[in-house]
Amino acid sequence: MVLQLKSIRSNADYANVLKNFYAYFSALETAIKPYITTEVLPDYSERRNSSYLKADIEELGADVNDLPPVTVPTITNAVEAMGALYVMEGSIMGGPYIVQMLQKHGMDKGFSFFSGYGADTGRIWGAFVAQLNAIAPTNADEAAAINTANETFANFGELFESKMV
């Protein structure tokens, strides 16, 4: 993924990379949706999601047609869903660094997803981690969340390995 991000030199290049993010995140959101309730994560509806990626792709003059195929983990409960969401939230946390890198190469739009939560980033990340810890209080729960996060990250990485800009 980092190599693809570093090779971006045009809006089309950037849109193609964002399509990978969108394809994966939208599929992952579908997989976790039945398990992320307001009891599990009260502010879930206020968090960044694939709709921001879609808006960024469209702002860059592209569309969400011809998306790459993706493989997401099988999610069967709230602990696994939160483990998967950990990867999504983590990508948002690194977003401001991605924006800076892209701006150095002349990109000037399509940053709504990677802009993260601004000044609220630390607070929102802390609230997520607290909810993750609450939903996974046992060693077995923690292991399940970690395993799903690892699988989510690995599958996401494979998407970028299979398709270079």
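Read the figures in this text as sums done on the coordinates, not as results from a lab. Given the structure is predicted, the values throughout are model-derived calculations rather than measurements. All Cβ positions, glycine included, derive from the backbone under ideal geometry; neighbour counts span all protein chains shown.
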Task: From Ala81, Ala62, residue being part of a helix (DSSP H, G or I) and either hydrophobic (A, V, I, L, M, F, W, C) or touching a residue at least 12 places away in the same chain (Cβ under 8 Å) (or both) - done: Ala81
Open item on the list: If a residue must be out of contact with any Gly (no Cβ under 6 Å at 6 or more places or on another chain) and in contact (Cβ under 8 Å) with a residue 40 or more places away in the chain, how many such residues does the range 45-59 contain?
Closed with: 6
Open item on the list: Give me the helices (runs of 4 or more DSSP H) completely within the range 90-162, filtered to those with at least 2 residues that are hydroxyl-bearing (Ser, Thr, Tyr), ordered by residue number.
Closed with: 139-161
Open item on the list: Being in contact with a helix residue (DSSP H, G or I) (Cβ under 8 Å, 6 or more places away or on another chain) and buried (at least 20 other Cβ atoms within 10 Å of the Cβ) is the requirement here; does Ala15 meet it?
Closed with: yes
Task: Tabulated pairs, the range 125-154, first surrounded by 15 or more Cβ atoms within 10 Å (Cβ to Cβ), second of a type outside the set (A, V, I, L, M) and part of a loop (DSSP other than H, G, I, E, B), C-beta under 6 angstrom, 6+ apart or interchain - done: Thr148/Pro73; Glu151/Pro73; Thr152/Pro73
Task: Given (1) aliphatic (A, V, I, L, M); (2) surrounded by fewer than 15 Cβ atoms within 10 Å (Cβ to Cβ); (3) over 16 Å from the mean Cα position of the chain (by Cα), index of the condition Met107 fails - done: (2)
